[in-house]
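A short reminder: the numbers here are calculations on the coordinates, not readings from a lab. These numbers come from a predicted model, not from an experiment. Methodologically, a virtual Cβ is constructed for each residue, glycine included, from the backbone with ideal geometry; neighbour enumeration extends over all protein chains shown.
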Amino acid sequence: MPNTRNPEKWLFRGRPDDDGAPLVLCFPYAGAGASVFRGWPDSIKAGTVAPLQPPGRENRFSEPPFDTHVEYAADLGRYLAGLGDRETVYFAHCGGVPFALETIVWLVDNGHRPPRKLVASSWGPPHVDLYGGLNKVDLDTHDFVAEVQEVQSRLGNPGVPVELARIGAKALRQEVVVHRPWLFDACKTVPCPVDALAWSEDDVVPPHEAVNERWREVADVDLRTLPGSHWEFVSCPESLELLLAE
């Protein structure tokens with residue numbers, strides 16, 4: 001795999017127009033790419049929808065993934081800084097939350113504007129633990145191929161061929177490895193408001209974990225719960241659209 005990355009591919013739907021419209025930057029969950037947001041419209045009340053495409057995924061499959069959250073944040077942060085001083089809102093789901101948090105910290109540390117807010121979906125207090133059973137499995141014995149097939153089945157794509165699932169499993173395992181040593185620095189405060197979002201029927205990161213009061217130790221946070229399962233976000237339901245616009 002070549003050791004080159006094309007930062008112009010960060011925004012899956014292309015570089016936004018220079019109209020100054022707010023951007024809704026969407027961080028996919030662990031191992032996933034921008035296509036998980038294909039059910040979102042081009043524009044919602046909060047602004048232009050801009051799904052992020054990490055390297056090593058989909059149309060960036062040939063690019064090496066990042067080995068640390070800091071590398072990810074610096075590369076994305078430099079790209080976002082080049083878009084100018086425009087309003088943004090961040091939406092991050094599950095394993096995308098750590099990357100969103102580190103990107104926000106990088107932007108502020110380097111003199112750039114933070115997002116208006118972060119909606120952190122299905123992730124608990126980031127300085128306390130990692131969330132979701134996948135972050136606790138034995139990396140040597142867990143069947144990541146079966147994991148990918150199960151997730152795709154839940155998303156309405158049953159019967160993913162093993163050969164295709166193996167590709168997704170490699171990306172998923174690599175990102176789980178990256179997450180293992182990470183916790184948000186408890187000495188810091190997230191430099192933008194946060195909506196910690198739980199889904200009422202979430203069986204991956206249950207509501208009592210996602211809207212835990214300990215979020216308040218590191219963020220100016222609102223604890224919110226919306227109806228639906230762990231995967232409800234993929235269709236951008238009206239309740240989520242309204243939350244992003246608040």
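Summary of computed values
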item	result
Förster-model FRET efficiency, 35 Å R0, VAL177 and LYS45, C-beta, rounded to 0.05	0.40
Space enclosed by the convex hull of the alpha-carbon atoms of the range 138-246, per residue, Å³	133 Å³
Per-residue HN-Hα couplings for the range 193-201 [Karplus 6.51, -1.76, 1.60; θ = phi - 60°; Hz; x = Gly/Pro]	x, 10, 9, 7, 10, 9, 10, 4, 10
Semi-axis lengths, Å, the range 1-52, gyration tensor of Cα atoms, sqrt of 5 times eigenvalues	22, 15, 7
Expected 222 nm ellipticity per residue - DSSP helices of 4 or more, -39500 (n - 2.57), all of the chain, to 500	-8500 deg cm²/dmol
For the range 80-93, 3J(HN,Hα) per residue [Karplus equation, 6.51 cos²θ - 1.76 cosθ + 1.60, θ = phi - 60°, Hz, x = Gly/Pro]	5, 4, x, 7, x, 8, 10, 5, 9, 10, 9, 10, 10, 10
Total formal charge among the other residues, if their Cβ is under 13 angstrom from that of PHE27, Lys/Arg +1 and Asp/Glu -1	-1
Whole-Å semi-axes of the range 91-146's equivalent ellipsoid (Cα gyration tensor)	28, 11, 10
Cα-Cα P(r), the range 34-156, percent of pairs per 10 Å interval	11, 36, 40, 12, 1
Within-15-Å neighbourhood charge of PHE12 [Cβ basis; K, R +1; D, E -1]	+3
Whichever lysines have a C-alpha closer than 30 Å to that of LYS45, once near sequence neighbours (fewer than 8 apart) are set aside	LYS9, LYS117
Total formal charge among the other residues, if their Cβ is under 11 angstrom from that of ASP202, Lys/Arg +1 and Asp/Glu -1	-4
Area projected by the alpha carbon convex hull of the chain, averaged over all directions, nm²	12.4 nm²
Whichever aspartates and glutamates have a C-alpha closer than 16 Å to that of LYS136, once near sequence neighbours (fewer than 8 apart) are set aside	GLU147, GLU175, ASP203, GLU209
